[in-house]
Amino acid sequence: MEPQEIHEFSEQLKEGAEKDMTHVSLIIAILAVLVAMVTVMGHRQHTEAMLEQTRAADQWNEYQARRLRMQQLETTSDLLSLQPSSDSAAVQAKLASYKQRMAKWGPELDKDAETAHELENSVDRAERRAVRFDLGEALLQISVVLASITLLTRHSKYVWAAVTMGLAGLVVAASSFLVR
């Protein structure tokens, strides 16, 4: 063989090897896009959990404020009924007004507590979803690394392991939509 032929032959071998690895590069690119998508979805779930936690805290604060007002009104009613008065009709009218308010606030307190518990359940649900997205993201990142090893070693077993790991990551991330 002539030197020119040897050079052309080696170039053909290099081109052939690169063509064999283009599918691996494409798989890496697809996996990288999936990692980005799952990462964004996971961040959104974490943000939703934080917002719901804030709403739950606000709801509990409202419950506590109403409960304090009700307790103050109960104490005022008790003190008013024990105090001697020159105008007992006015005292009785005021006590009736206070009791009417307390009767109104009782169900509102129950509703506030129920709403706060629902918001806490929403926080738990969002956190469980976020954990699944995080695990899916980790599996997808590992799959990108495994596929990258294929480019270095030229062994296709790594790309198949990467595809398998990537599918597992997708299944775990998609399972977050099943969390209720």
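The values are calculated or read from the model by the stated rules, or taken from the named source; none is laboratory data. Everything quoted here is computed from the prediction, not taken from an experiment. Neighbour counts are summed over all protein chains in view; Cβ atoms, including those assigned to glycine, are modelled from backbone coordinates with ideal geometry. The protein model used for the area step is the full one, side chains on, heavy atoms only, and it has no ligands, DNA or RNA in it. Shrake-Rupley method; radii C 1.70, N 1.55, O 1.52, S 1.80 Å.
Things to note:
- Proximal lysine pairs, the chain, alpha carbons under 25 Å, eight or more residues apart or interchain: 4
- For region 20-102, the Rg and Dmax computed from alpha carbons only, in angstrom: 30.5, 102
- Placing +1 on the Cβ of every Lys and Arg and -1 on the Cβ of every Asp and Glu, with nothing else charged, gives the chain a dipole about its Cα centre of roughly 920 debye.
- Residue-normalised accessible area of the chain, given per residue in Å² at a 1.4 Å probe: 67
- When you restrict to C-alpha pairs under 8 Å that are six or more residues apart and normalise by the size of region 31-180, the relative contact order lands at 34 percent.
- With R₀ set to 22 Å, the beta-carbon distance separating ASN121 from GLU62 gives a calculated FRET efficiency near 0.80.
- Rounded, prolate or oblate (a/c below 1.5 giving rounded, otherwise prolate when a/b exceeds b/c) for region 81-137 by Cα gyration tensor: prolate
- Sum of -39500 (n - 2.57) over DSSP H runs of 4+, divided by residues of the chain (222 nm, nearest 500): -34500 deg cm²/dmol
- Kirkwood-based shape ratio for region 36-76, expressed as Rg/Rh from alpha carbons: 1.43
- When a 1.4 Å probe is rolled over the protein heavy atoms, the share of accessible surface on the chain that falls to carbon and sulfur comes to 60 percent.
- Ranked by how many other beta carbons lie within 10 Å on average, peptides 26-36, 81-91 from highest: 26-36, 81-91
- The distance between label points at SER86 and LYS157 comes to 10.3 nm (points 7 Å beyond Cα on the Cα→Cβ vector).
- Listed residue (SER85, VAL123, SER143) projecting farthest to the positive dipole end of the chain, Cβ model: SER85
- Helices meeting the span-like rule in the chain (full DSSP H runs, Cα extent of at least 15 Å along the helix axis, mean Kyte-Doolittle score of 0.0 or higher): 157-174.
- Chain lengthening between LYS99 and LEU178 when straightened (0.36 nm per residue, less Cα-Cα): 23.7 nm
- Sorted from greatest to least, the principal axis extents spanned by the alpha carbons of the chain come out as 127, 24, 16 Å.
- Net +/- balance of residues flanking LEU119 in space, Cβ distance below 9 Å, scoring K and R +1, D and E -1: -3
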